[in-house]
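A.B. asks: One structure coming up, written as structure tokens, with questions to follow.
The values are calculated or read from the model by the stated rules, or taken from the named source; none is laboratory data. No experiment lies behind these values; they were computed from the predicted model shown. Because the Cβ atoms are built from the backbone with ideal geometry, glycine has one as well, and the counts that use them run over all protein chains shown.
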Amino acid sequence: MSAPLLRVENLGVHFGPATDPVKAVDGISFAMQPGETLAVVGESGSGKSVTALALTRLLATPPARIVSGQIEFEGRDTLRLPDRELRSLRGSQIAYIFQEPASSLNPVFTIGYQIREAIELHRPEVADVTGEIIRALDTVGIREPAKRLDDYPHQLSGGMQQRVMIAMALACQPKLLVADEPTTALDVTIQKQIMDLLKALKGTNHMAILLITHNFGLVADFADRVAVMFRGRIVETGPTAEVLRNPQHAYTQALIECVPKLGQKQHRLKVIDYAGIE
Amino acid sequence: MTTYLIRRLLLLVPTLIGITLLTFLLIRLAPGNAALLKGGGGENGGRAMTAEQRETVIKLYDLDKPAHVAYALWIWKVFHGNLGDSFVDHRPVTQKISERLPLTISLTGTSLILSYLVAIPLGVVAAIKRGQTVDRTISFVVFVLYSIPSFAAALLLILFVAGGDYLNLLPMYGKNSINASEMSDGAWLLDRIRHMILPVICLTYASLASISRYARVSMLEVLGQDFIRTARAKGLAERVVILRHALRNALIPIITIFTLELPVLISGAIILEEIFSLPGMGQLVFQSLESRDIPVIMGCTTLAAVITLLSYLLADILYVAVDPRITYE
Amino acid sequence: MNAASSDTYTGRIWRRFSADAFARNGLRIVIALFVIAALAPLLANSHAILRVADGQISFPLFSSLESIEWRFLIYVPLGGLAFLFRQNFVARPGRSALIFAGIIAVVEIAIALHHPINDSTNDRDRAASFKLMPPIVYSPIESTLDQFAPPSRRHPCGTDSTGRDIAARLLHGARISLSIGFVSQTIALSIGILFGGLAGYYRGWSDIVVCRFIEIMDCFPSLLLILVIISFTGSQNNIFVIMAVIGFTSWTGVARLVRGEFLRLSAQPFTLAAKAVGAGDARIILRHLLPNSLGPILVVGTFGVASAILIESSLSFLGFGMQAPTPSWGDILSESRRYIDFAWWLAFFPGLAILITIMSYNFVGEGLRDAVDPRLRVK
């Protein structure tokens, strides 16, 4: 097997006093190959977002504390990189899209400016930045991109804002895209559009995608492998088809059973019984 | 934008009427008081209004006519810049005001700019280093400053730094030394600056304190927003994140506050001008109050009110201009 | 302040408030100032509390108290007690009302029957077999020959140009400052809640009119307006007019706040629910909207008292407020200007008094603000 793009080893992130910490991430390990799509699934509070943010030390370290682990991206440990090297990683090698596109874009700058910022920072060799921006907007399916350059974020719909975020993330051709619940705040129909977009981009850009979600439904059609997180630990991991067909861990089973199935007579939706797990 | 402006200006009209009405009511209050007619009490020696003064007041404000007529006449006068003549030296009120305005504006203007220039960085630093010693120290010092009344500070500063038994670094009063006219331009400027240092300090420290707290709160609020995380995720240096992304947002409310403080340019320095014997608007108001110089008092009050109203308009316009999220509704 | 203090709205606010050291201590100082203001004649007086002479026991201090002083001495502590035991009174409103009425009747009758004996002889110098004097043995308006005395054991804060003891004047001045501060703010709060509430609840024309009114008032610099009114009506040294004028010019902040709160709260589901059940306007305002706005109102009120005290001091300083011989902090400060070269204590102590008072109120206000809205908590 070729060298993994990303290798997380025994990551631990705690909150609160050291005497009685909340162990948001409690010693997890996983790896990603270049171009692979890994979905991390779990409910709210399972630690998946914290994991995603920890990859490039985006966590606010007064409340949070990274207490253990290594995060090796292309062989370099991001947790121990000096600031300047970390910053050159961010945006150009590892890019993010977040859950709330409306608040994730700076309201006082145009979207064109915000994308330009990323390009000028990481790809100073590009001569025609405007053209590049227009191309990026076009790739994510925004119509009349040239006109959109001077729009402010609040002038766009939720779906378009998320597309702008994706365009901004992709503008520097990163090797890994971390998508933290990218569709949770969007309507169902828009959700599908965004996921389709990501799927298409996955192919053209040879990009690895780390998808954080609580929605098992999104995973099936999208991810190569899936890791299930529960209370800060990864309880099961494997190829998507495998895990869906044959869930080993009680929690995974419960999660899958929660998804209502068409055609099945169900009087009540299944609810997870936590007492029976772990 | 123009429709917004027009609508906003129209809204001004009832308020303008209200202001003039209120001022007019104050005028009617004035000569009706027996104390004034007799000569007033208290240590401030109200002078009795002479019959001549009474006549002047009655004529100036048309007190012998029915109220609505008097009001209309007064509005007419004000509109034409006729605020009457001072009782004290019979010069037009407008002239007395325009003589004194420049000094006051130089005092309060310097103070205003200074306070913002210092307070904003202070607030930003406190926000960035939230919870640490720097933040706590700044917050505490600012808090104490905020609670010191300006006249107490002025007295203490005069006591310790100017004149008196202790240090004698700065002059105690006035805007220039007595021999100012004999100085060269450079020396004159230096002399003027030396005279203004203490008043400016006294005027600045309190608003500096409150602005820096605003700045801190505003900055903290902005720093907690998602787009700051996006900016960092893009790989921008922390300095850029703070100065470009965060500050631009945090300044929006500060700018509005700034415009709302503009009226202070005229009327904010009454006490300090009195203490430091600076011949500005504040001292004019104070002396006129003591000598019951009604035309001057009313003229200054009207002016202050109108300027304040205009600055509210300015604040609204600026707010719309500065924040792209606000549309002209 | 028991540990089981409830999980009620006020209980939670109190707990958050008390957790802040500055707020806690600020409140202690504020209460101390209250006590000083109430007990001022017991703390600084030229009459003895108790005097034994020629085989006779007398209480010259108490005999000399005016009606208003008695009222201060009795009602303020009574009010404090009533507050501390308010649970008992709220439970039985009918009986409590009777008890209060009874107490007030007795007190007023007693006060009416009392004739203050105010001979200007001071008990300091009069011989007696035993006398118990207040901590400061000078009355605030008593001139002595010891003019411009620097701080000493006799006069902890020195004396002024007519030999009056500054410490005594400061203690009694607290009463002036606090009463002006409180009464004026009560007026301001009442007006502000009334107008702001109307505007926020009824909206429409009420809102437009009230907002114009607020804007009009705001256009006048408050100090200037107050000075003009006082000057024109010749009411320097008239404490009631000063209280009223300050109150009538500082209601706009409260009104804005209450309007904002009412606007926000009336859009919330619980108000609609109350309306749907048929609650009338008065009931909604008094039982639902007002209690929920109490937090921010208290915050504004606290800062308002600090600001009113500051205004009163400024007024007295400029000569338009309370004047000598009435002991007002601002007035003492203004007098100090002339003698600042050699009598530093004339400026220092009143300035310190004002500073401590305002700072304490500001601490309490800040603590309240943080306690009421944890969202804004920026510790």
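A.B. asks: Identify, please: which residue in the stretch C:111-145 is buried (at least 16 other Cβ atoms within 10 Å of the Cβ) and among the acidic types (Asp, Glu) and is, among those, modelled with the highest pLDDT?
C.D. replies: Restricting to residues being buried (at least 16 other Cβ atoms within 10 Å of the Cβ) and among the acidic types (Asp, Glu), the top hit is C:Glu142.
A.B. asks: Testing B:Ile228 on (1) surrounded by 23 or more Cβ atoms within 10 Å (Cβ to Cβ); (2) within 11 Å of another protein chain (Cβ to nearest Cβ), one condition comes back false. Which one is that?
C.D. replies: (1)
A.B. asks: Next up: Do you know which residues across the stretch C:161-182 are more than 26 Å from the chain's Cα centre (by Cα) and not β-branched (Val, Ile, Thr)?
C.D. replies: Correct list: C:Ser161, C:Gly163.
A.B. asks: Next up: Please verify whether the stretch A:29-44 includes one or more residues that are within 14 Å of chain B (Cβ to nearest Cβ) and more than 15 Å from the chain's Cα centre (by Cα).
C.D. replies: No, the conditions are met nowhere in the stretch A:29-44.
A.B. asks: Which condition breaks for A:Thr189 when tested against (1) assigned to a helix (DSSP H, G or I); (2) buried (at least 19 other Cβ atoms within 10 Å of the Cβ)?
C.D. replies: Only one criterion in (1) assigned to a helix (DSSP H, G or I); (2) buried (at least 19 other Cβ atoms within 10 Å of the Cβ) is unmet by A:Thr189, namely (2).
A.B. asks: Is it the case, given these coordinates, that C:Ile191 is surrounded by fewer than 23 Cβ atoms within 10 Å (Cβ to Cβ) and β-branched (Val, Ile, Thr)?
C.D. replies: Yes.
A.B. asks: A further question on this structure: Name the single residue, out of those in the stretch C:325-352 being more than 8 Å from chain B (Cβ to nearest Cβ) and in a loop (DSSP other than H, G, I, E, B), that is surrounded by the fewest Cβ atoms within 10 Å (Cβ to Cβ).
C.D. replies: Per the criteria, the residue is C:Arg338.
A.B. asks: Another question, then. Please give the helices (runs of 4 or more DSSP H) falling wholly within the stretch C:17-104 in which 1 or more residues are of a type in the set (D, E, K, R) and under 20 Å from C:Thr302 (Cα atoms).
C.D. replies: Once the helices (runs of 4 or more DSSP H) in the stretch C:17-104 are filtered for at least 1 residues that are of a type in the set (D, E, K, R) and under 20 Å from C:Thr302 (Cα atoms), what remains is C:21-43.
A.B. asks: Same structure, new question: Collect the residues in the stretch A:72-111 that are more than 10 Å from every other protein chain (Cβ to nearest Cβ) and touching a helix residue (DSSP H, G or I) at 6+ places or on another chain (Cβ under 6 Å), keeping them in residue-number order.
C.D. replies: A:Ile111
A.B. asks: Additional query: Of all residues in the stretch B:283-329, which are more than 7 Å from every other protein chain (Cβ to nearest Cβ), among the polar types (S, T, N, Q) and either touching a helix residue (DSSP H, G or I) at 6+ places or on another chain (Cβ under 7 Å) or under 20 Å from B:Leu107 (Cα atoms) (or both)?
C.D. replies: Hits for the stretch B:283-329 are B:Gln283, B:Gln287, B:Ser288, B:Thr302, B:Ser311.
A.B. asks: Could you give me the residue pairs with C-beta distances under 6 Å whose first residue belongs to the stretch B:234-258 and is closer than 17 Å to A:Ser92 by Cβ and touching a residue at least 60 places away in the same chain (Cβ under 8 Å), whose second residue is part of a helix (DSSP H, G or I) and of a type in the set (Ser, Thr, Tyr) wherever it lies, and which are 6+ apart or on separate chains?
C.D. replies: none
A.B. asks: From (1) touching a Gly at 6+ places or on another chain (Cβ under 9 Å); (2) buried (at least 21 other Cβ atoms within 10 Å of the Cβ); (3) facing another protein chain (nearest Cβ under 10 Å), pick out the condition that doesn't hold for B:Leu272.
C.D. replies: (3)
A.B. asks: Taking interchain pairs and intrachain pairs at least six residues apart, which have beta carbon atoms under 7 angstrom, with the first residue in the stretch B:125-148 and modelled with pLDDT of 85 or more and the second charged (D, E, K, R) and not in a helix (DSSP H, G or I)?
C.D. replies: If the second residue must be charged (D, E, K, R) and not in a helix (DSSP H, G or I), the pairs left are B:Asp135/B:Lys129.
A.B. asks: Ok, one more. Looking only at residues that are surrounded by fewer than 19 Cβ atoms within 10 Å (Cβ to Cβ), modelled with pLDDT of 65 or more and in contact with a Pro (Cβ under 9 Å, 6 or more places away or on another chain) in the stretch B:150-190, which one is nearest to the other protein chains (Cβ to nearest Cβ)?
C.D. replies: Top of the filtered list is B:Gly174.
A.B. asks: Could you tell me whether A:Ala39 is among the aliphatic types (A, V, I, L, M) and out of contact with any helix residue (DSSP H, G or I) (no Cβ under 8 Å at 6 or more places or on another chain)?
C.D. replies: In short, no.
A.B. asks: For the condition surrounded by 24 or more Cβ atoms within 10 Å (Cβ to Cβ), at pLDDT below 90 and among the polar types (S, T, N, Q), what is the one hit in C:Gln185, C:Gln236?
C.D. replies: Exactly one of C:Gln185, C:Gln236 is surrounded by 24 or more Cβ atoms within 10 Å (Cβ to Cβ), at pLDDT below 90 and among the polar types (S, T, N, Q), namely C:Gln236.
A.B. asks: Could I ask something else about it? Condition check: facing chain C (nearest Cβ under 10 Å) and assigned to a helix (DSSP H, G or I). Does B:Val144 satisfy that?
C.D. replies: Yes, satisfied.
A.B. asks: Can you pull out the helices (runs of 4 or more DSSP H) entirely within the stretch A:216-261 that have at least 2 residues that are free of Cβ contacts under 8 Å to residues at least 12 places away in the same chain?
C.D. replies: Of the helices (runs of 4 or more DSSP H) lying wholly inside the stretch A:216-261, those with at least 2 residues that are free of Cβ contacts under 8 Å to residues at least 12 places away in the same chain span A:240-245.
A.B. asks: Same structure again: Which ones in the stretch A:97-120 are without any contact (Cβ under 8 Å) to a residue 40 or more places away in the chain and either part of a loop (DSSP other than H, G, I, E, B) or over 18 Å from B:Gln225 (Cβ atoms) (or both)?
C.D. replies: The answer is A:Gly112, A:Arg116, A:Glu120.
A.B. asks: Scan the stretch C:219-228 residue by residue and report those that are at the interface with chain B (Cβ under 7 Å from one of its Cβ atoms) and part of a helix (DSSP H, G or I).
C.D. replies: C:Cys219, C:Leu223, C:Leu224, C:Leu227, C:Val228
A.B. asks: Give the residues of the stretch C:248-275 that are aromatic (Phe, Trp, Tyr) and either outside the structural domain of C:Glu215 (by TED's automatic domain parsing) or assigned to a loop (DSSP other than H, G, I, E, B) (or both), sorted by residue number.
C.D. replies: Within the stretch C:248-275, just C:Trp251 meets the criteria.
A.B. asks: For C:Arg169, indicate whether it is of a type in the set (D, E, K, R) and surrounded by fewer than 18 Cβ atoms within 10 Å (Cβ to Cβ).
C.D. replies: no
A.B. asks: Another question, then. Quick one: C:Val210 ticks every box in (1) in contact (Cβ under 8 Å) with a residue 60 or more places away in the chain; (2) under 24 Å from B:Leu309 (Cα atoms); (3) of a type outside the set (Asp, Glu) bar one, so which box is it?
C.D. replies: That leaves (1) as the condition not met.
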